[in-house]
Every structure is written in structure tokens, then in C-alpha cells.
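One structure below.
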Amino acid sequence: MTHWEIALFAYVSGALISLIPVILAVFTKVALHAGGPAFDESPNFSQEARLRLSQNYERMRGTLGFWKNRAARFERIHIYCMLWIIILSIATPALTQITGQYKDDPYAVWFLTIATLHIALVTSVHKFLKVEVNFKAFRQGESEFYDTYRRLLDSPKSFGATEDEQLEAYFRDVALIRKQVRNAETDTYAGLEELRQTATRNQAGEPAAVRNS
């Protein structure tokens, strides 16, 4: 075996081995961790309020699991892509110069070709899947929800003076967090409520000619 044949085998092996964590993240699910005492054990709320809060959290469990799994998946894809983008961005110019001296060795040519295709592939995947944007959206959404969840458990009065105000403020914050993550994921320009508000303002205050333009 030539040096270039060994180098090509080692490179392809390294690229495939480093892809294993990404594959595992795609095909395995990350379990939600127990968050300690929950709403049904909180002494700060009435029985009815605890029931409403517990039911809301149970409805959120599926969403939280989805966010956690997507965040883990996009995090590993992001690390894989950035790792190889950095390595190949530095190595490819040097390889171009070095392999030019070994034109008679097909493995040297294949090494440069595969490295060039690899960096093009990981760059395209990272951009097309919006890997970094989605990773941040799912991770921040999960973090913001649990921050809000713990704040209600520990400091309910920060949401309002009365129990009803506290619950309504909490439910409103949770809905906004879900909407922010959904908008980041789908890259929408405006949510349904924003469109409704715009339509209401137009119908109430704008001239017909402006509305119909």
C-alpha cells in the first residue's frame, strides 16, 4: 500500500467514525429528566390550580420531548459539520499543492477529490438544514420553558398578585415560547395571530383603496 492509499483509508474511516454520534442521535430518543417536585406537590396553589397546571405540563411533555430530541440531533450535526469544515478548510489548500506532485498516484487524486466533495457536502447540509438556527431554537425553547416552569413553582407572585393572574400569565408565556420555536423551525414571516391583528387594523382604519391594493 502506498502512503496515499493509507492516508485515504484513514481519512474515510475518520469521517465515518465521527458520523456515528450523528446517526445515533437520529435513530435514538433522548429521555426527559425528572425535574423534581412538580405542580401537583406545590403548596403555593389550590387543588384546582394544581390540576390545571399539571394537565398543561402533560400536554407539553410531547413537545418537550420533541424539542429535546431535535436539539440533540442538530447539536451533533452542527459539531460534525463544523469539525470537518474547519479541518478541510485548512487542509484542502495544502492538499491541492501537495497532491500536484503525485499525479501518477491515483490515490492522491482520489484523496483530494473526496476531501473537496466532503467539505462541499457538509457545508451544504449545514446551510440547507439550517442546523445552527434549529439547534439554537430548540435548545433555547426548552431552556426558556423550564426557566418559566421553575419560576412559577418558586416565585408565583412574579407572575401576578392572584392565583388566576399567575396561571393566565404562565399559560400565556408557555404559548409564546411554543410559538417562537415553531416560527424559528418553519421560518414563517408572521404567526396567525399577527395576521389576524393586521387584518383587524386594516378593516378598522385603512381606506378601501389601500386595503384592495
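Each reported figure results from applying straightforward, stated rules to the coordinates on display, with no laboratory input. Treat the numbers as computed from the prediction; the structure is a model and nothing was measured. With ideal geometry, Cβ positions are generated from the backbone for all residues, glycine too; neighbour counts draw on all protein chains shown.
Hey, what angle do you get for helix 47-99 against the long axis of the chain, alpha-carbon based, 0 to 90 degrees rounded to 10?
For helix 47-99, the angle is close to 20 degrees.
In nm, give the distance between the simple-model label positions of THR186 and SER46, each being 7 Å from the Cα along the Cα-to-Cβ direction.
The answer from the label model is 3.6 nm.
When the chain is fully extended, how far beyond the present Cα-Cα distance does LYS136 get from MET82, taking 0.36 nm per residue of separation? Please report the intermediate quantities before stating the final value.
Values: separation 54, 0.36 × 54 = 19.44 nm, distance 1.50 nm.
So the extension gain works out to 17.9 nm.
Calculated from the structure, percent of Cα pairs over 21 Å apart equals which of [x] 60; [y] 68; [z] 56?
Structure-derived value, by its label: [y].
With +1 on the Cβ of every Lys and Arg and -1 on the Cβ of every Asp and Glu, and nothing else charged, how large is the dipole of the chain about its Cα centre, in debye rounded to the nearest 20?
Details: 24 positive and 23 negative charges, 59 e Å.
Here the size comes out at about 280 debye.
Measure nothing but the geometry: give the 0 to 90° angle between the long axis through the Cα atoms of 106-128 and the longest principal axis through the Cα atoms of the chain, rounded to 10°.
For helix 106-128, the angle is close to 10 degrees.
How would the range 130-189 be classified by its alpha-carbon gyration tensor: rounded, prolate or oblate, with rounded meaning a/c under 1.5 and the a/b versus b/c comparison settling the rest?
It is oblate, given that a/c is not under 1.5 and a/b is not larger than b/c.
Calculate for the chain the 222 nm mean residue ellipticity that helices alone would give, adding -39,500 (n - 2.57) per DSSP H run of length 4 or more and normalising by residue count, nearest 500 deg cm²/dmol. Spell out each step's value before the answer.
Numbers: 8 runs with 166 residues, N = 213.
Using -39500 (n - 2.57) per qualifying helix, the result is -27000 deg cm²/dmol.
Within the chain, how many Lys pairs sit with Cα atoms under 22 Å apart, leaving out pairs fewer than 8 places apart on the same chain?
Qualifying lysine pairs in the chain: 10.
Where the centre of each part is set by its Cα atoms, how far does the range 97-146 sit from the range 149-185, in angstrom?
Value for the Cα centre distance between the two parts: 39 Å.
Given an 8 Å cut-off on Cα distances and at least 6 residues of separation, report the relative contact order of the range 1-157 as a percent.
It comes to 33 percent, rounded to a whole number.
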